[in-house]
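Asker: This is the structure I want to talk about, given as C-alpha cells.
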Ligand SMILES: [Zn+2]
C-alpha cells in the first residue's frame, strides 16, 4: 500500500500524492517509521525523571528509540520511571545503561539546583 511519508496516511493504489500534505506517496514506510509496530519492553527502572532523561538522551544518541513510562515530569518527580526500548534493542540498551552507571558523567552546570533525592 502506498503511504504518505509525512503523515503516514495509507492510500489505495493509484494515489500519487497525499491529500493532506501534498507529499508524493511512497510504496512502503521507511524503516524507522515502523517502530509503531515494535513491542517496547522495560530496559531499566530509573529512580526519578532526571535519571530517566539522562538515560533517554544516551540511548537516543545511539539511535535507540525509547519511551519513558511512569511519573510525569513536574508532577511526581521522585517516583521511578520505566525506560522502555524496542524488544530487539534491549540488550544493546542495557549495555549502554550499564556503562553509564559505571562511569557517571560530570554534573551538568545547568542542573545545579537543589538535589531532588
Ligand atoms: Zn500526508
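The values are calculated or read from the model by the stated rules, or taken from the named source; none is laboratory data. These numbers were taken from a predicted model, which means no experiment stands behind them. Using ideal geometry, Cβ is built from the backbone for each residue, glycine included, and neighbour counts are taken over all protein chains shown.
Asker: Please enumerate the residues belonging to segment 41-65 that are modelled with pLDDT under 90 and part of a loop (DSSP other than H, G, I, E, B).
Answerer: 47, 48 - these are the residues of segment 41-65 that are modelled with pLDDT under 90 and part of a loop (DSSP other than H, G, I, E, B).
Asker: How many residues are touching a strand residue (DSSP E or B) at 6+ places or on another chain (Cβ under 9 Å), part of a loop (DSSP other than H, G, I, E, B) and within 10 Å of the ligand (Cβ to nearest atom) when one looks only at segment 6-23?
Answerer: The total comes to 4.
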